[in-house]
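This report refers to the structure that appears directly beneath it.
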Amino acid sequence: GGSHEVHRTKPIYKTVNPIWTIDSGSLFLLDVTPEEFFGSAEGLSFILRDYDKISSNDTLGKVFVSQENLLNGDGDRVEFDLVESCSKNKKQPGRLVLRFRKAAEEDVLFMERLLSAQKAKISGVYGDETFVQPHVSSNKFLHREHRNVGTQTQHRVKPGPDPDRPEQATKWMTEAELETESLKPSRKWIEAGSGELGKLFVEVLGCDGLPNMDAGTVGGGKTDAFACLVFEDSVMNTEVINDTLKPRWMPWTQRAFIFNVMHPSNDLMVGVLDYDSPAPMAAHDPIGRTEIDITNMLPGTEYTVYYELFTSATVKKRKPKGSIKLRIRLELNNERKAVLAGLHPPPQFYINVATYRDYKVVNFVIEGKYDIHVFDMDLLAEYVEELKETGLALVPILKNAAFLVVFWRGHHPLRLRVFRCPPLPASNDISLWNRFTRTTTILLPLHSVVAFVAAVFLVEDYNLFPSFLMFSIAWLFLATSGHVGVHPSPWRHPRSFADLGRALVSNTSRVKTIEPNQNLQELQKFQAEKDEAKKRLNEEAEKKAREEEEHEDAVGQLQAMEDGGEVDMRTKPGGLGGRVSVNPLKPILFPMQQNLHLACQVVHTIRSFVVWEESYYCFWIVVCSIVGGLATLFIPWGWLVRWALRIVVWVCLGPWMKLIDIYYIKKTQSTEEAQKAAEARMKAKYEALLATAMHTQTRKEELTKLKDMKKYMFGEYLAIIPRFKQQRYLDYPLAPSYASPYVAGETFNVTCRKYGQHLTGDMIPRREIDRPATEDSPLQETKVQLYGTTGKF
């Protein structure tokens, strides 16, 4: 206001649609006296200039905001047309987009810290409040790792003995004692995350079979393992266990974490890495990772699970790099709210870290060994193989499903008591009931019954078609749920429709008990049959491919003879996965790799719905399909269609259409009127395109500003958390895993509180620590916008 300058942004180069962010000076605090504020006749003036390094800056336009508008501003996005604009498009002058509101005390503190950070050229000012580094013990180089006591071998406890007990009591332990001690409740917990839906308790207990990542290095030694955990908007790291291939994290170490849950369908991602000292250019060596699906975990149940570690969930020929053991428990504040949260997808989470070293760790835990944003011929070949494999696997599934329905093959087990013939001999150990009867199981063809009854009603009354179409969607999902639910491994069973329905209605869930190695023999038999079927399918595909190749060769020879013996010197397409260098083709192949990656993600997302890995979403799909089927069941669709066609025929095809042609169509077909109609259509089309462009520009503003704001708050390097289960291979607990009802009563000593990186609000986004305690959990995605500038000149 007045004649003096109060703020100047940085220039945005080479664009007619500039977006100012926190890095380029989009935020400023107007700190003036009342006399200065109300003394300006024009209010606060914004002058937009074209930056020129040599000559003076050309003025592109101005915006004047009155004192009244400034005082009444609430931070909403407001567009102002530029006054004195030199835009070439006079119909659409340049615009300046602003946000303004009264500054609160926390806004002033934020701006003071921002200016200090920008002056010192630092980022990630709140990084220490959201990130837990691996904890390294000072006694890394130990001269003696084992000792013999009688017939037993004892191992040095790492990273050190229990500080709350006499040193000798926990300095040396046998393997059995180490295992027993590691299973005791954790004594120190770190809480993290922004959610309010519930809490996820995770304890990292140990690893087995890790590769030696320090073999051949100076000083020798073995792997210095630590685990990195990523969940929603939080990153946690455990203690570093030095020089061992089977580390055990003790209850007094940094191993236990409480994640505040924002959405019930997010995965917990865990990676194990070999710690390297923070020397220049040093990086932690990745060992393996896994993704843990918490969607199907039941509240009130404690899970002790073993997972294999792999470097990637994408490549086919992957080998386990050891295993990890964790203890997990999910507690929901309100189970009904958790089910209702399945009505919308989770928000998009971004994780920022301050150093490239930490970014490499987080990115490995999220994506694995292969970076999908970098061109890689091996990855391209894997995507092609993956899509081919998915198509081959889909054929027998559809074939078996069709045979199951059409040929009335039984699938639903029903246990019955039938008479024995002849009865068993009399015995004191056998009851009279069991002497004369026995239990038998028959398989009922329920799907065939449903299909037959529905088809009979449908052919007699076509009005039922829309309703039956809705019911068939629910039938399909319930059938796939039942199919997955009979898998021999209890760890493959999703939360059923009935279980989620009970949680929605009564706000309670059952608890679950799974024994170690439960149904192991049935699982091994099932897996052997599955591998044999897959082998047969691959052999049939290879045989078919050989036959087609032989046929093509024969046809090619005949064509060569007809062409006078000419030879085709072009290389036959034999797959792009060879060792020939194709770097010159990167501009062509890299977009193909990205498109194939997107196609694989779509396929994986569909698969996760079909097999009920996303059980909350599947539940609501079934509910909506049933409700839609019931709503359309009694609508007379045939009568509506018949009368709609009658109206169309009588209105549009009758002789009165001649009158419409004489008195309306021909009169409106004059050159001038046709030109006006064409101009109106072009104007409407232009306005629609302009609205779409403005929506795209606004979305770009949101993401650009969010990126720079998170960079300032949490760190320069950003990784994106997937919103759905899009990995090629889903990870399941190994057979020794077990689950049991959780017995309440344990107290949790939270020694450290770390906050999540999820931001809410406009202009100056608010972190979890800044939000009022009474504010509801932001289950839906919150878009962060700061005031910026757009325009066309």
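The values are calculated or read from the model by the stated rules, or taken from the named source; none is laboratory data. A quick note: this is a predicted structure, and the numbers were derived from the prediction, not measured. Cβ sites come from the backbone with ideal geometry, for glycine too, and all protein chains shown count toward neighbours. Only protein heavy atoms, including side chains, enter the accessible area calculation; ligands, DNA and RNA are left aside. Shrake-Rupley method; radii C 1.70, N 1.55, O 1.52, S 1.80 Å.
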Take the conditions loosely packed, with under 12 Cβ neighbours inside 10 Å, basic (Lys, Arg) and on the phi < 0 side of the Ramachandran plot and apply them to ARG642. Does it pass? yes
In this structure, is ILE626 part of a helix (DSSP H, G or I), in contact (Cβ under 8 Å) with a residue 12 or more places away in the chain, among the β-branched types (Val, Ile, Thr) and open to solvent by less than 100 Å² (accessible area, probe 1.4 Å)? yes
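Yes or no, residue by residue, for (1) open to solvent by less than 50 Å² (accessible area, probe 1.4 Å); (2) not in a loop (DSSP other than H, G, I, E, B):
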| position | (1), (2) |
| --- | --- |
| GLN118 | no, yes |
| GLN133 | no, no |
| ARG144 | no, no |
| ARG147 | no, yes |
| HIS155 | yes, yes |
| PRO159 | yes, no |
| ARG165 | no, no |
Taking segment 8-51 and keeping residues part of a loop (DSSP other than H, G, I, E, B), acidic (Asp, Glu) and over 44 Å from the mean Cα position of the chain (by Cα) leaves GLU42
Identify, by number, the condition in (1) in a helix (DSSP H, G or I); (2) of a type outside the set (Lys, Arg); (3) open to solvent by less than 70 Å² (accessible area, probe 1.4 Å) that THR696 doesn't meet. (3)
Find the residue count for segment 717-740, including only residues that are open to solvent by 60 Å² or more (accessible area, probe 1.4 Å) and assigned to a strand (DSSP E or B). 3
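Conditions (1) under 30 Å from LYS337 (Cβ atoms); (2) open to solvent by less than 10 Å² (accessible area, probe 1.4 Å), marked per residue:
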| site | (1), (2) |
| --- | --- |
| PRO185 | yes, no |
| ALA227 | no, yes |
| THR238 | no, yes |
| ARG248 | no, no |
| ALA256 | yes, yes |
| MET269 | yes, yes |
Scan segment 449-456 and tell me whether some residue there is of a type in the set (Gly, Ala, Ser) and not in a helix (DSSP H, G or I). no
Just to be sure, is LYS388 farther than 18 Å from LEU596 by Cα, out of contact with any His (no Cβ under 6 Å at 6 or more places or on another chain) and assigned to a helix (DSSP H, G or I)? no
List pairs: first residue in segment 254-271 and in contact (Cβ under 8 Å) with a residue 12 or more places away in the chain and within 17 Å of GLN757 (Cβ to Cβ), second residue hydroxyl-bearing (Ser, Thr, Tyr) and in a strand (DSSP E or B) anywhere in the structure, Cβ distance under 7 angstrom, at least six positions apart or on different chains. PHE259/SER234
Would you check if there is a residue in segment 329-342 being more than 25 Å from THR760 (Cβ to Cβ) and open to solvent by less than 40 Å² (accessible area, probe 1.4 Å)? yes
Of all residues in segment 309-335, which are over 26 Å from GLU179 (Cβ atoms) and among the aliphatic types (A, V, I, L, M)? ALA313, VAL315, LEU332
Residue pairs qualifying under the 7 Å Cβ cut-off, at least six apart or on distinct chains, with the first in segment 36-60 being more than 18 Å from GLY94 (Cα to Cα) and surrounded by 14 or more Cβ atoms within 10 Å (Cβ to Cβ) and the second being among the hydroxyl-bearing types (Ser, Thr, Tyr) and at pLDDT 85 or above, are GLY43/SER66
Does LEU404 qualify as being under 30 Å from MET470 (Cα atoms) and part of a strand (DSSP E or B)? no
What is the number of the single condition among (1) farther than 30 Å from VAL450 by Cβ; (2) open to solvent by 50 Å² or more (accessible area, probe 1.4 Å); (3) modelled with pLDDT of 85 or more that ILE324 does not meet? (2)
Contact list please: Cβ distance under 7 Å, first residue in segment 159-177 and closer than 17 Å to SER137 by Cβ, second residue assigned to a helix (DSSP H, G or I) and open to solvent by 20 Å² or more (accessible area, probe 1.4 Å), pairs at least six apart or on different chains. PRO161/GLU167; PRO161/LYS171
Sort out which residues of segment 629-639 are under 34 Å from the mean Cα position of the chain (by Cα) and either polar (S, T, N, Q) or open to solvent by less than 30 Å² (accessible area, probe 1.4 Å) (or both), and write them in order of number. GLY629
Could we say that TRP189 is over 39 Å from the mean Cα position of the chain (by Cα), touching a residue at least 24 places away in the same chain (Cβ under 8 Å) and open to solvent by less than 50 Å² (accessible area, probe 1.4 Å) here? no
Would you mind stating whether ALA338 is within 19 Å of the chain's Cα centre (by Cα) and in a helix (DSSP H, G or I)? yes
Could you go through segment 656-677 and let me know if any residue there is surrounded by 10 or more Cβ atoms within 10 Å (Cβ to Cβ), over 30 Å from LEU98 (Cβ atoms), free of Cβ contacts under 8 Å to residues at least 40 places away in the same chain and touching an Asp or Glu at 6+ places or on another chain (Cβ under 9 Å). yes
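Conditions (1) over 39 Å from the mean Cα position of the chain (by Cα); (2) open to solvent by 60 Å² or more (accessible area, probe 1.4 Å); (3) under 30 Å from GLU335 (Cβ atoms), marked per residue:
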position	(1), (2), (3)
ARG435	yes, no, no
LEU443	no, yes, no
TYR462	yes, yes, no
PRO466	no, no, no
SER489	no, no, yes
On the given criteria, is MET682 of a type in the set (A, V, I, L, M), open to solvent by 100 Å² or more (accessible area, probe 1.4 Å) and farther than 30 Å from TRP20 by Cα? yes
Could you give every pair whose Cβ atoms fall below 6 Å, whose first residue belongs to segment 488-514 and is touching a residue at least 12 places away in the same chain (Cβ under 8 Å) and of a type in the set (Phe, Trp, Tyr), and whose second residue is outside any helix (DSSP H, G or I) and open to solvent by less than 50 Å² (accessible area, probe 1.4 Å), counting only separations of at least 6 or pairs across chains? TRP491/PRO733
Does GLU5 satisfy being modelled with pLDDT under 85, assigned to a loop (DSSP other than H, G, I, E, B) and either of a type outside the set (D, E, K, R) or loosely packed, with under 14 Cβ neighbours inside 10 Å (or both)? yes
Odd one out for VAL63, checked against (1) closer than 30 Å to HIS758 by Cβ; (2) in contact with a Ser or Thr (Cβ under 9 Å, 6 or more places away or on another chain): (1)
Some residue of segment 361-369 being open to solvent by 40 Å² or more (accessible area, probe 1.4 Å), polar (S, T, N, Q) and either farther than 17 Å from ALA599 by Cα or touching a residue at least 40 places away in the same chain (Cβ under 8 Å) (or both): no
Residues of segment 495-510 being in contact with an Asp or Glu (Cβ under 9 Å, 6 or more places away or on another chain), open to solvent by less than 50 Å² (accessible area, probe 1.4 Å) and modelled with pLDDT under 90, which ones? SER509
